Amino acid sequence: MKHIKQEMAKNHLQFVRFEATDLHGVSRSKSIPAQFFQEKVIHGVYMPRGYLELIPNPKDNEVDHIRATCFNSDIVLMPELSTFRVLPWAKRTARVICDTFTVTGEPLLTSPRHIAKRQLSQLQDAGFSLLSAFIYDFCIFGIPEIINSKTISLPASALLNNHDQPFIQELVDGLYHTGANVESFSSSTRPGQMEICFLPEFGISSADNAFTLRMAVKEVARKYNYITSFFIETGFCNSGILSHSLWDVDEKKNMFCSSSGIEQLTITGKKWLAGLLKHSAALSCLMAPAVSCRKRYSKESKDLKESVPTTWGYNDNSCAFNIKCHGEKGTRIENKLGSATANPYLVLAATVAAGMDGLYSDDGVLAGPENSTDLHQSKPSEIPLKLEHALMALEEDQCLRQALGETFIRYFVAMKKYELENEETDAERNKFLEYFI
């Protein structure tokens, strides 16, 4: 608090945002005048529970209303002070990321950040830590124009020229000052599409960085008369990759690295990958949580399939799980099931849960010997192409149900079923684009 008070005085702050993630990974916040900050740190900030859980009228048989709380009650935002940062793109404003609690003081069981922290804690109890970073694609559009009575958002030009460079420079510099270190950025394959890669960090920080990006990119873009979105103009989702490696609890040894230096995983790495493959159907539900997100799995194939095989390989960017052994980071696995619209905390939590199950389970997938690159599956893994089938896979996956919690699974499935019943129309597309920044 002493350091925070110094920062507030130095920057003449007027407001502090208390931010929390909703189920979609979008920032929900309340802004507090700076003079009341210390009081709110002690007592928390109240917010309607429905702001975060996003089910307009939950049915009693779908939702578990725990103890003294219900869907229409308030919840409490309690700040994690280590996340306090002055926002370079917002005048005299800072933010702090919050954990969410019920009014009776219990952690909100549907909170994605709480679920991710719980999984990381269990991983630490098992003697491991996770080093991870997100790699995101997003698209930049001009301000919508009305053409022939239709609202059109045209993609901005590729951003590596003198005219548009200030936008991306301000974004990257702003992220750095909020503690989110960008390793690289580049234009991607489509007009106005950008890729941004974060430096890997241990623990919850990688998901916090991704959460910060989702808010920052929208606010900075507005200053330059752009709209940014994790959807591209065809309706397909941009990718959201989680690159990660398993380390010992002292963060000194990469447990995926083979001492021989050959392109292969250790036994520990193979078991972790085995868990990801085993639970890939359920994982895909959390990592590609919208109908359009799942189109990328079929790679625009015309074949009428219900599922596609879960692929993995070494240094193969076409695979769902891409193992990279080159570079200064050491061996790591890129989980490429995700779309950029997925909640980063859920991506992190589910990846850890599936990987840990692989470490301690021998059923379904068997890791080959240390000197082999093979992985033997008794039953090939499949990724459902339809969201409805992915929801069924998530509900039937006992490991993820237990790891993420029954309450969360019920809320998440109920929310997705509601969305399927009320799919966006063409007239509402721009609202959808704006919501998912």
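The Cβ shell under 10 Å around SER188 holds other residues with a net charge of -1, Lys and Arg each +1, Asp and Glu each -1. Which value in nm describes the separation of the simple spin-label points at ASP316 and TYR51, placed 7 Å from the Cα toward the beta carbon? Those two pseudo-labels are separated by 4.7 nm.
Amide H to amide H distances under 5 Å link ASP99 with MET78, GLU80, where only residues 5 or more positions off or on other chains count and H is placed in the peptide plane.
Remark: spin-label model distance ASP250-HIS12 equals 5.0 nm, labels positioned 7 Å along the Cα→Cβ axis. Cross-link check: pairs LYS10/LYS329; LYS278/LYS386; LYS2/LYS329; LYS40/LYS336; LYS336/LYS386 evaluated at a Cα-Cα cut-off of 29 Å; pairs beyond the cut-off: LYS10/LYS329; LYS2/LYS329; LYS40/LYS336.
Read-outs: derived from the displayed coordinates by stated rules, not from any lab. Just so you know, these numbers come straight off a predicted model, no measurement behind them. Don't worry about glycine lacking a Cβ; one is built from the backbone with ideal geometry, like all the others, and counts go over all protein chains shown.
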